[in-house]
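All remarks here apply to the structure that follows.
The values are calculated or read from the model by the stated rules, or taken from the named source; none is laboratory data. None of the values given here were measured: they were computed from a predicted structure. Counting neighbours? That spans all protein chains shown, and the Cβs are built from the backbone with ideal geometry, glycine included.
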Amino acid sequence: MLVSSLTAQHGRRPCTTLIRLLVCGLLWGIGFRAESLGQDIQQQEEDALWQAAQQVASSTVRIETFAGLEAQGNQPIQLGPTTGTIVSADGYILSSAFNFLDRPASILIQIGDDRYPAELVAKDHNLKLVLLKIEPKSPLHVPEFLSQADVRVGQWAVAVGRAYNANDINVSVGIVSATHRVWG
């Protein structure tokens, strides 16, 4: 009798209303949990990318290049800092050719608190890369390089450098857009 009088007053049964309220509460809870899971996944991605950057941080160097002596004041002109990656324990370093368009008069490599003079050993004009050489005090840390066969389109890519501050790494994240590309 009570059910039929409620149905007559409101046009629906109390069970239906209760079920609707429960479904709304459940959906709200799922939405709240999904947002929390999304934040958890985002934090896990950020942590994984930071860990990847930290694995190569000790192999990432800061490079300072200087042009010849300036006519006014007899001071060397700094071309601006760039960054490089140690590729051999005995002191070979790979870098972009950006600061090496002309042969700089002086090249300094900073690894931690140590600074080393460097020699420009080779230049690849097609790939826009240079190979530098220093004489380190002790063997340098070389990162583990990924095989070209293991690189896939769509993978995350992490670029690490030390251009802005020798003590802090700069990290950029992107996606591999192509493989076997000659011009970058």
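The strands (runs of 3 or more DSSP E) found wholly in the stretch 120-184 and carrying at least 3 residues that are surrounded by 15 or more Cβ atoms within 10 Å (Cβ to Cβ), in contact with a Leu (Cβ under 9 Å, 6 or more places away or on another chain) and of a type outside the set (Asp, Glu) occupy 129-133.
Rundown of residues vs (1) under 21 Å from Gly80 (Cβ atoms); (2) out of contact with any Cys (no Cβ under 7 Å at 6 or more places or on another chain); (3) assigned by TED's automatic domain parsing to the domain that holds Gly91, yes/no style:
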| position | (1), (2), (3) |
| --- | --- |
| Ile134 | yes, yes, yes |
| His141 | no, yes, yes |
| Val160 | yes, yes, no |
| Ile169 | yes, yes, no |
| Ala178 | no, yes, no |
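Is it true that some residue in the stretch 88-96 is over 21 Å from the mean Cα position of the chain (by Cα), modelled with pLDDT under 90 and polar (S, T, N, Q)? Within the stretch 88-96, not a single residue is over 21 Å from the mean Cα position of the chain (by Cα), modelled with pLDDT under 90 and polar (S, T, N, Q). All of (1) in a helix (DSSP H, G or I); (2) of a type outside the set (Val, Ile, Thr); (3) closer than 30 Å to Val160 by Cβ; (4) modelled with pLDDT under 90 hold for Ala67 with one exception: (1).
Summed over the stretch 76-132, residues that are of a type in the set (Ser, Thr, Tyr) and touching a helix residue (DSSP H, G or I) at 6+ places or on another chain (Cβ under 7 Å) total 1.
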